[in-house]
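These notes are about the structure you will find just below.
The values are calculated or read from the model by the stated rules, or taken from the named source; none is laboratory data. This structure is a prediction, so every number in the text was calculated from the model and none was measured. Here the Cβ positions follow ideal geometry from the backbone for every residue, glycine too, while neighbour counts run over all protein chains shown. Calculation scope for accessible area: heavy atoms of the full protein, side chains included, ligands and nucleic acids excluded. Shrake-Rupley method; radii C 1.70, N 1.55, O 1.52, S 1.80 Å.
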Amino acid sequence: MAENGQEPKEALVWDRPTRIFHWILVVLVVVCYLSGRNNRFDIHIPAGQALLVLIVARILWGFMGSAPSRFRAFVRPAWEITAYLPTMLRRAPDGRMGHNPVGGLSVVAMLLVLAVQASLGLFAVDVDGLNEGPLSFLASYDAAREAAELHVMVVDGLLILVGLHITAVLFHLFYKRENLTRAMLTGRAQLAAGQTPPHLVPDRRALLALALAAVIVLGSIEVAGRLF
């Protein structure tokens, strides 16, 4: 029996745009990785631009979206992260309305690494100069080659983060008895006793975030091409 005689309950926590973002991100990361490894730059370059648009849209959603998807909900101060750490080994769902403090750090790290990775790709060029990012003309050949090398190096950091993310999902599933994958598919998660389900904003707000992101990313590329 929970505190105050109240049992934990399931509720809709993750809005539809957050869930769609998550799974499209997975697909785009896989497409970018495989196309880059196989030198399919006809796929890799547009997929990378789409990924950058998605990342910018998610950053905007961190200010415009539903409460659990906003940065202020999961970017927590150091003292709160420290206080959470001793509870990680408790064999029960966290019952949090969204990411826990450590999970929030992983979200921020993933967004930052992906943003850096995709941004470097905009300026990268291959050795022969046959395949180049849409903004590579703004840099010297040496600088563009350095961007390309860093673009490849950052993949290692990204793979480490992906591995840690998958490990955390399995840890929550088998040890803490909390199915995070199901929650990101259905939007429903278990809340602690007495918690009130969050208010979810309308889906149409995500279309505004996506449109703004496309203008920022694709518009900047277009303007740079015309001005320079």
Exactly one of G219, G157 is over 20 Å from the mean Cα position of the chain (by Cα) and part of a helix (DSSP H, G or I), and that one is G219
Give segment 58-72 a look and list any residue that's polar (S, T, N, Q) and in a helix (DSSP H, G or I), or say none.
-> S69
Could you identify the single residue in Q190, Q117 that is in a helix (DSSP H, G or I) and not charged (D, E, K, R)?
-> Q117
Search result, residues across segment 79-114 that are hydrophobic (A, V, I, L, M, F, W, C), open to solvent by less than 50 Å² (accessible area, probe 1.4 Å) and at pLDDT 90 or above = I81, V102, V107, V108, A109, M110, L111, V113, L114
Tally of residues being outside any helix (DSSP H, G or I) and under 25 Å from R204 (Cα atoms) across segment 39-57 = 0
Kindly indicate whether any position in segment 131-142 is closer than 21 Å to A47 by Cβ, hydroxyl-bearing (S, T, Y), in a helix (DSSP H, G or I) and touching a residue at least 12 places away in the same chain (Cβ under 8 Å).
-> yes
Only residues in segment 199-228 that are within 17 Å of R70 (Cα to Cα) count as the first member; pair them with residues that are modelled with pLDDT of 95 or more and open to solvent by 50 Å² or more (accessible area, probe 1.4 Å), Cβ under 6 angstrom, at least 6 apart or cross-chain, and list the lot.
-> D203/R16
Top-ranked residue in segment 42-72 [being among the basic types (K, R) and open to solvent by 40 Å² or more (accessible area, probe 1.4 Å); ranked as nearest to C32 (Cα to Cα)] = R70
